[in-house]
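All remarks here apply to the structure that follows.
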Amino acid sequence: KRTLANRKEITMKNAHFVKQVNAINELYAKLNTQIHNVCIEQLKMAKANDLNTIQIDTLREQYQLLLKQIQLRRCEFIRDIYSMENIQALQNMK
C-alpha cells in the first residue's frame, strides 16, 4: 500500500512539475517574442534616425548651396549696380 501511495504521489508531483515546466516554457516563448519585437522596433528607430540624419545633412547642404547662390546673385547685383556704365548713366540722368 505504501509503495502504491508513493507512486501516486510521485505521479501527481511529476504531473504538477510538467505543468510548471510547460508554463515556464510558455512564458519564455512570450518573453522571447516580446524581446524580439522590442529589438526590431529599436532597429527600426535606429534606421529611421539614420535616415533622418542623412536627410538633415542633405537639407543642410542644399541650404548652404542656396546661401552661396544668393550671395553670388547679390554680388552680381551689386557689381551691376556699380558698374561704370550704370554710374555714367545715373550721372547723365542728373
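Here, each number is a calculation from the coordinates, and none is a lab measurement. Predicted model only: the values in this text are computed from it and were never measured. Glycine gets a Cβ as well: all are built from the backbone with ideal geometry, and neighbour counts include every protein chain shown.
See the values below:
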{"item": "Within the stretch 18-88, GluC sites (Glu not before Pro) in DSSP loop having at most 11 other beta-carbon neighbours inside 10 Å", "result": "none"}
{"item": "All-pairs Cα distance distribution in the chain, expressed in whole percent, bin size 10 Å", "result": "12, 14, 12, 10, 10, 9, 8, 7, 6, 5, 4, 2, 1, 0"}
{"item": "For the chain, calculated [θ]222 nm from helices alone, where every DSSP H run of n ≥ 4 adds -39500 (n - 2.57)", "result": "-35500 deg cm²/dmol"}
{"item": "Label-point separation in nm, Gln69 to Gln42, each point 7 Å along Cα→Cβ", "result": "4.3 nm"}
